[in-house]
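Nothing in this text is a laboratory measurement; each read-out follows from the coordinates by a stated rule. Just so it is clear, the structure is predicted and the values come from calculations on it, not from any experiment. Reconstructed Cβ throughout: ideal geometry from the backbone, glycine too, with neighbour counts over all protein chains shown.
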Amino acid sequence: MRTYAVYILTNEIYGTLYIGMTNDLARRTEEHRLHLVPGFTKQHKLDRLVWYEIHETAYAAITREKQLKAWKRAWKVRLIQETNPEWLDLSASL
């Protein structure tokens with residue numbers, strides 16, 4: 001069964017945040033880490049996975065991604081703090 005992930009990247013604690021969605025979180029975070037993805041994440045050197053959640057359908061993941069992108073920054077920071085208060089890079093555990 002295929003799963004989909006919504007994730008948040010940053011470059012440092014309380015740094016710039018990026019929200020994305022993928023069907024292969026390990027591959028996608030590696031692409032970000034190596035700065036293979038042109039655009040915002042490469043420009044801002046966002047390579048630290050600090051939060052993610054798994055969804056069973058692409059529709060659910062896209063809906064959640066859009067919801068989070070509409071949130072205020074403080075809400076996103078609180079979401080990260082609840083599960084990863086030290087803002088550790090979670091990509092190593094994938």
Checklist outcome for this item: Semi-axes in Å, largest first, for the chain (Cα gyration tensor, √(5λ)) are 18, 16, 13
Checklist entry - Excluding the sites themselves, what is the longest stretch of the chain that contains no trypsin sites (Lys or Arg not before Pro) in a DSSP loop with at most 16 other C-beta atoms within 10 Å? => result 3-44
Checklist outcome for this item: Full extension between GLN81 and ASN11 adds, at 0.36 nm per residue less the Cα distance, a length in nm of 23.7 nm
Checklist entry - If you rank THR22, THR83, THR10, THR16 by fewest surrounding Cβ atoms within 10 Å, what's the result? => result THR83, THR16, THR22, THR10
Checklist entry - Name the chymotrypsin sites (Phe, Trp or Tyr not before Pro) in the chain that are in a loop by DSSP and that have at most 11 other C-beta atoms within 10 Å, would you? => result TYR14
Item to check | Alpha carbon Rg of region 1-55, scaled by the compact-globule rule 2.2 N^0.38 Å | outcome: 1.06
